[in-house]
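As structure tokens, the structure follows; a few thoughts come after it.
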Amino acid sequence: MNRPKSDGMTFTKEPYIEDTGARKIAGISFSTLSETEIMKIGEVQVWHADYYDAFKKPVPGGLLDSRMGAANKSLSCATCHGLYADCQGHYGYLPLARPVFNVGFLSTIVKILKCICKHCARVLLDEDSRKKSLMKMRNPKLDGLQKMQLLESIMKKYKSVKAIACPRCGYINGSVKHNKSTLSIIHDCDNEVVAELQSALSDVNNYRASSDLTSRVLDPLRVHSLFKKMHVEDCDLLYIEKPEKLIITNIAVPPIVIRPSVIMDGVSNENDITVKLKEIIKVNACLGQESGESSKFQENWLMLQFHVAQYINSDVKGGSIYNQPSKPLTGFIQRIKGKQGRFRSNLSGKRAEYTGRTVISPDPNLKITEVAIPIHMARILTYPERVTHHNIEKLRQCMRNGPDKYPGARLLKKSGGTSWNLKLSSRKRLADELKFGDIVDRHLEDGDIVLFNRQPSLHRMSMMSHRARIMPWRTLRFNESVCNPYNADFDGDEMNLHVPQTEEARTEALLLMTVQNNLCTPKNGEILVASTQDFLTSSFLITRKDTFYDRSAFSLICSYMGDGMDLIDLPTPAIIKPVELWSGKQLFSILLRPHANVRVYVNLTVKEKIYNAKKRDDRNRELKTMCLNDGFVYFRNSELISGQIGKVTLGNGNKDGLFSVLLRDYKSDAAASCMNRLAKLSARWIGNHGFSIGIEDVQPKVILIHRKNETIDKGYDVCDRFIEDFHKGKLKLAAGCDAAQTLESSIFGTLNNLRDATAQVCMQTLHWRNSPLIMSQCGSKGSPSNICQMVACVGQQSVGGCRAANGFLDRSLPHFPKRAQTPAAKGFVRNSFYSGLSATEFFFHTMAGREGLVDTAVKTADTGYMSRRLMKALEDLFLHYDYTVRDTNGSIVQFCYGDDGMDPAGMEGENGKPLNFDRLFLRSKAICPPDGDHVILSSSDVRRVLQEKLSEVGMSNSVEKDASDIMSEVGFSADFIQSLQSFVEKNTLTEIITEGDSTNLKNLSNFIPKISGISRRQLEVFLDICLSRYRFKKIEAGTPIGAIGAHSIGEPGTQMTLKTFHFAGVASMNVTLGVPRIIEIINGAPNIKTPIITAILERDDNANIAKVVKGRIEKTNLGQVAKSIQVVYTSRSAAILISLDMKIIEDAHLNIDANTVKQSILQSGLKLKSENIKVLDMKKLQVDPRVASRSEILFQLNNLKNLLPLVVVKGVKTVERAVLEIKKEKKPETYNLLVEGKGLKEVMGIEGVNGHRTVSNHIIEMMNILGIEAARYCIIEQIQYTMKSHGMSIDVRHIMLLADMMTVRGQVLGMTRHGIQKMGRSSLMLASFESSTDYLFDAALRGKGDPIDGVSDCIIMGKPIHIGTGMIEVQQRLEPSVLPRGANPILSGV
Amino acid sequence: MVESLFEDIFRVEKLNPDDKKLFEKVNRIEARSERFDMFMHLDINSELYPLKEGQKFFLKVVSTLNPDGTPDTGYYNPGNRQSLADTFEYVMYGKLYRVTESTGREKAELLISFGGLLMMMKGDHSHFNKFELDQRLYLLIRKV
């Protein structure tokens, strides 16, 4: 606050004000202000409805009174004398003539009124339960959430009470209602006592108001007095501080700065808040003049109520119709709420300086860590560099150049605090006077650290730090290898650039956010920054078996990769005679290891796309390196032995690719420099070589046309046969389908296979130089089916997973006969894009095309919201130093992150295993060449070495099977040690050729080492690598794993294709998949689209038993097992006679007879009593109608006759159907049942079902029946299943964290606003998520206090977050200072 | 005199195992030796050195080209010095990357890569005693 200028109060001595340094916000507490409090903080009473007087001065006591701050730039504040820019404003106050409800609290007021007596203002509970509840409520151990639950249970009793007598004063309370249109509360005393009174009153003639007594309006004044009267204990009981504050008696007029006037063309336009306040003042003034009883007064009071409500929330409807403003004004709630509101737009994210944005374009000559910044941009963006001995000359030159010439500077900040703009002042003089310690805002220069970002920023790799390279022209450029993490392409994308302004920020960006340190995604440890597109194509062509280069060509290409500046050892050519020729593969060996001093030994084997795994040699082994297509890539000590390199080796999304191996074995520098070299090599090589696509690439050969027609005709024939069978009724039904469905699915399947078949034919006939073929083979772009669509056949078009629907009567288009099922009539496109589509084909194609467009449009919104919710729910979770995962309150979510405390980003093996033993074994054998005294270890020796190594790291004998999850003192998980042991034992068996023929024994013993076996040194190296590398992969404390987990689950959601359904084991039984399913799981939805119970059978090898169990589960109606249900009229009575068909029942092995049917009918809710149903014999029953009156009997009988067949006599009612699933992988075949619908408990209880292993995919049901741990397991399982069926792998640790967060409170909490609210978060965080104002009103009501700990809270308050680098604080121990003793006091020693 | 690691006369039995020419300039030949009954797959640059079915050639594997048998330095510095290659028509340089057992007892396979041109030789392991894993080798061929 600005100190009052000296003309206010003068002191004889300057007052001492202690300088405590910058203050930190420790917490924030919410409350409501009382009438007097508002009066106190107000500087002025506002009562005048005018803004300015005739002299354009603010009216004193008006809404723009200068005591509340300066109204415009020419004025100053009358309270603190600050100028327009300095004064932060002061409140005014506006007392209301009559109190009104605060619209935000209206529902709370109603709730409280329901609980208290409207006469004596005490709680309606009787004394005993009141005391009991109060005790519970005052328990200091309860947190806000538990209190709310308690409160809800108390309030529930009075929610819809009609009439209740107060236990203290005996007053009869009616129900309290809230009239939304008039913003009033009605006390409805419509009960017997009152009715009696009224009837008495009606006799009195002169009684005026007729309806007054039954429903009385509780006006704010009355409520206010009731609330004032409320007992303190009752307030505590209802978890509220001062209920009378919920009613507004005095408005705090906000300072002018938060409702600034906008001056346009000399006319001052007032803010909406000011306008609304003006109306309130007007109505208030009218109200003050009226007398209490007049109807005008009541009308004005309602008017005031309405205006005050709109002042807070302009969405409030009501009031007089004629007075609606044309344009809705913004109230306070509108300012706060929503995406554009204060919380999400101004507090959680703020506008930043030192940023830039333009179009991006590629530049393979840049390093992957660099970004090219246009000079134009570099002249605007600056970095404040402190002048030192080392840079003073550079900065002097910058200053002389000024802000417009490139290596220049914009601003000089002297150490004293003064600053000069270098555009205006004399630059030369300032440059000469430059001193150490000054700060110069210089232009961006090469090597500066910048943050680079592309929206949507779905994961942390969407914002990485690069080194700046200042370049001419106007685009931001970077290496194409970095496209993947940003998900950028160059079709006009724009990206953002931020320049960190302090050394600390730079360091942090450099260490945490550089491209080099983010090569891997923490989603699953796969490499993300990797070669793409052209790089793959050229690598593929270079490493082709028949590319040879002579000396000059080879040397030229060698010089490409390092700008001709690198030292390169020219290898011996692969072919020495008749001419020296180097092969393309040798180029790759140079790329990895240019000269002998580079100590990089890459060892890896990869199967490329073109690898032919089916071809076997005479011992039925795979051909591996000898593959005819040359598809087996083998690097041995950085030499490319075999294989044509493509996407699997170089591309992203692979854990055993070249760059992954480099990254793991030789750290990120090696991988990055290799990528740089490859980028340069490929770009330049392909620039010379040329790679293009033309019309001849998509022209089919004659043989292809021929074979395509053959394939398609064959497929058509198959379909025709299906249709024929269908019409004859001979079609063999698929499990759980009717005839039409079977036909449809078999035709659809046949036609879908047709395209794949044509694609195969197509790929075979293309020339090897065909560009699309090359691109598809190396994986840079396109798939066989894409090529097939261009060259041969476009294939079946599907809409919503089916063939084209009937848009016309019984047909898809009028070009076809009715009920046509032929391929062409249902959207099979026989033509290729080259040959051109016919009119109908084109139409079908557009249908499928539109579906794709609509799907992506819808999906982006869905996944975006899902990511946001996940993020808000998980943002606070991070790893502590004891490996626990806790939220901000400190409550533990996981005891050990992911059960083993490993970093998902570092996982090398499949399925989140830390290491890939096979690869490391190969590597250690290759880098440790067998030397002269090469001795193979016997298996006992191997075990001994293993034990030695393990005991070295403190794992001597603790490797029993029952070892606990984590060996805390050494930090190796038992799982890891066990897998290592079993791997070593499996792979070092040397007894293959133990005892040879005695004659050859000597020869053999020489030869065996070359084939297999492991020497001591090799084994030691292998074990050392495994053990030491495992330790590196432990996750670091402070890692924001919550946020990382949210990213890892949210980001793949955006990539999910439109495959939203999938067969669950059998055709016809679909499960929801894709984004909708993920959202279902995450929401913890109580109703899911496709609940499926997987019932495991006790005898799973017998189809007949399985069918019997299926019959027991599936619901059987009476109609299905009854021979007849008929109405029998006799002369004396009329009844329904049911006779059961025992043959059907026995065939289905159902345990039904007349007695069970009787029970079923009784339970079915037909309102029949036991005496109405007579069991005649085992298979006959008689049902008598309930005799009410003779006239109704006929209707009753008919009604019963219609309803009885629907009675479920056997099976689980909630089950839709059950389908038998046959598992053919194992011999003999096994069977289990897939049950559609809910009712897990019932299914588990059915005879023949193994209840221990039966599970559902319905999470809430799992929780209710099997408990919270089962629900957690179910969440993990279901998310993994969904992700897997979309071909996405996510580390299970992320999913575990999500599942733990959802279940940690003992019930499944969805990631919705209701769930997150129950996770115990601060009000600020909740308010920044959704329905901001509700949480703010609630916080104010309960008088909540938030410590500012959470991530959102800290961001809102501008504090550093306590996660990651912000987790630690430095504390300094200071010696207690000795206070100097002054002179002895004159009067001492009393 | 340089010690040859292996030498024999082979007869080309077949070109390209699947009768499909997959690569324009490279043929994979199947050959069988006369003396040791060795079986061999070998990738050969067909543009430079075309071999036809039924042709016979003499094959020799050495670890150095120096006629006096001094070991190879590992660096390539060609000159007009005398070399073993002078008497051969086709010479390749590569690395032995895998030794493995094969069908039948006492049979073994050698796998050598000449800068991506592969060679697989299968036969009695007693003939392979002089080979070492990761050895640099020269392959010398002349027609007979």
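The values are calculated or read from the model by the stated rules, or taken from the named source; none is laboratory data. Because the structure is predicted, anything quoted here is derived from the model rather than measured. FYI the Cβ positions are ideal-geometry reconstructions off the backbone, even for glycines, and counts take in every protein chain you see. These accessible areas exclude ligands, DNA and RNA; they are computed on the full protein's heavy atoms, side chains included. Shrake-Rupley method; radii C 1.70, N 1.55, O 1.52, S 1.80 Å.
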Could you state the accessible area per residue of the range A:351-501 in Å², with a 1.4 Å probe and every protein chain left in place? 47
Using R₀ = 56 Å, calculate the FRET efficiency as 1/(1 + (r/R₀)^6) where r is the Cβ-Cβ separation of residue A:1142 and residue A:512; round to 0.05. 0.15
Under 26 Å from the Cα of residue A:141 - lysines, other chains or at least 8 residues apart: A:111, A:131, A:132, A:156, A:157, A:242, A:1318, A:1344
Compute the separation of the alpha-carbon centres of the range A:147-183 and the range A:810-858 and state it in Å as a whole number. 62
Can you compute the charge dipole magnitude of chain A about its Cα centre, using +1 on each Lys and Arg Cβ and -1 on each Asp and Glu Cβ, nothing else charged? Give it in debye, rounded to the nearest 20. 1780
Could you tell me which of rounded, prolate or oblate describes the range A:597-691, using a ≥ b ≥ c as the square roots of the eigenvalues of the alpha-carbon gyration tensor, with rounded for a/c under 1.5 and, failing that, prolate when a/b is larger than b/c and oblate otherwise? oblate
Which GluC sites (Glu not before Pro) does the range A:350-389 hold that lie in a coil by DSSP with at most 12 other beta carbons within 10 Å? A:353
Show me you know the interface measure: the accessible area buried between A and B, both chains summed, probe 1.4 Å, in Å² to the nearest 100. 4700
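Would you mind giving the three semi-axes, in whole Å and largest first, of the ellipsoid equivalent to the protein assembly as shown according to its Cα gyration tensor?
Equivalent ellipsoid of the protein assembly as shown: 71, 53, 33 Å, largest first.
Work out, step by step, the length gained on full extension between residue A:22 and residue A:168: first 0.36 nm times the residue separation, then minus their alpha carbon distance; give nm to one decimal.
Using 0.36 nm per residue and subtracting the Cα-Cα distance, I get 47.0 nm.
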Taking a probe of 1.4 Å, how large is the accessible area per residue of the range A:695-837, in Å²? 50
Whole-Hz couplings from phi, Karplus 6.51/-1.76/1.60, listed for the range A:107-123; x for Gly and Pro: 5, 5, 4, 4, 4, 5, 4, 5, 8, 10, 6, 7, 10, 9, 6, 9, 5
With θ set to phi - 60° and the Karplus curve 6.51 cos²θ - 1.76 cosθ + 1.60, what are the ³J(HN,Hα) couplings of the range A:488-494 in order, to the nearest whole Hz, using x for Gly and Pro? 9, 10, 10, 8, x, 4, 10
Structure shown: which of A:986/B:95; A:781/A:986; A:615/A:1223; A:708/A:781; A:24/A:57 lie over 31 Å apart, alpha-carbon to alpha-carbon? A:781/A:986; A:24/A:57
Would you mind telling me the share, in percent, of accessible area of the range A:351-501 contributed by carbon and sulfur at probe 1.4 angstrom? 51
Between the residues A:610, A:557, A:590, the Cα farthest towards the positive end of the dipole of the range A:556-638, that dipole coming from +1 and -1 charges on the beta-carbon of Lys, Arg, Asp and Glu, is from A:610
Do any of A:56/A:413; A:609/B:14; A:523/A:859; A:614/A:949; A:367/A:925 go past 29 Å between their Cα atoms, and which? A:56/A:413; A:614/A:949; A:367/A:925
Lys/Arg +1, Asp/Glu -1 at C-beta; the range A:351-501 dipole; positive extreme among A:374, A:392, A:418: A:418
Shape category assigned to the range A:214-300 from the gyration tensor of Cα positions, a/c cut at 1.5: oblate
Residue span residue A:851 to residue A:705: 0.36 nm per residue of separation minus Cα-Cα distance leaves a gain in nm of 49.6 nm
Between residue B:143 and residue A:415, what is the label-to-label distance in nm when each label sits 7 Å out along the Cα-to-Cβ direction? 8.7
If exposed means no more than 11 neighbouring beta carbons inside 10 Å and the site is in a DSSP loop, what's the longest run of chain A without any exposed chymotrypsin sites (Phe, Trp or Tyr not before Pro)? A:882-1390
Among A:816, A:572, A:712, which residue has its Cα positioned farthest towards the positive end of the charge dipole of chain A, with +1 placed on the Cβ of Lys and Arg, -1 on the Cβ of Asp and Glu, and the dipole taken about the Cα centre? A:816
Quick one: divide the alpha-carbon radius of gyration of the range A:1-136 by 2.2 N^0.38 Å and tell me what you get. 1.61
Calculate, for the range A:1258-1348, the solvent-accessible area per residue in square angstrom, rolling a 1.4 angstrom probe over the heavy atoms of the protein chains. 32
Let's test the formula: R0 of 45 Å, r as the Cβ-Cβ distance of residue A:805 and residue A:1281. What FRET efficiency results, to the nearest 0.05? 0.95
Got a sec? Which residues of the range B:109-144 lose 30 Å² or more of accessible surface with every protein chain in place, vs. that chain alone, 1.4 Å probe? B:115, B:116, B:117, B:118, B:125, B:129, B:133, B:134
Once the Cα atoms of the range A:695-837 are picked out, what are the Rg and Dmax in Å? 16.8, 51
Table column - 3J(HN,Hα) (Hz), the range A:177-187, Karplus curve with 6.51, -1.76, 1.60, x for Gly and Pro: 10, 10, 8, 5, 6, 9, 6, 10, 10, 10, 9
What part of the accessible area of the range A:695-837, given as a whole %, is carbon or sulfur when the probe is 1.4 angstrom? 55
10 Å binning of all Cα-Cα separations within the range A:351-501, expressed as whole percents from 0 upward: 12, 39, 28, 17, 5
If I model a spin label at residue A:595 and residue A:361 as a point 7 Å from the Cα along the Cα→Cβ vector, what separation in nanometres do I get? 3.6
Where a Cα-Cα gap under 16 Å defines reach, which lysines qualify for residue B:21, not counting those fewer than 8 residues away within the same chain? A:545, B:52
Just the number, please: carbon plus sulfur as a percent of the accessible area of chain B, 1.4 Å probe, no ligands or DNA/RNA counted. 46
For the range B:4-52 and the range B:70-137, distance of Cα centres in Å: 15
Subtract the Cα-Cα distance of residue A:1151 and residue A:717 from 0.36 nm times their separation in residues, and report this length gain in nm to one decimal. 151.6 nm
Taking 45 Å as R0, compute the FRET efficiency from the Cβ-Cβ separation of residue A:1016 and residue B:35 and round it to 0.05. 0.70
So what's the back-of-envelope 222 nm ellipticity for the protein assembly as shown, counting only DSSP H runs of four-plus at -39500 (n - 2.57) apiece and dividing by all residues, rounded to 500? -10500 deg cm²/dmol
Set of aspartates and glutamates with alpha-carbon distance to residue A:647 below 13 Å, sequence-local pairs under 8 removed: A:534, A:608, A:656
What is the average number of partner chain Cβ atoms found within 10 Å of a Cβ in B:94-101? 6
Can you give me the C-alpha center-to-center distance between the range A:1114-1139 and the range A:1197-1216, rounded to a whole angstrom? 12
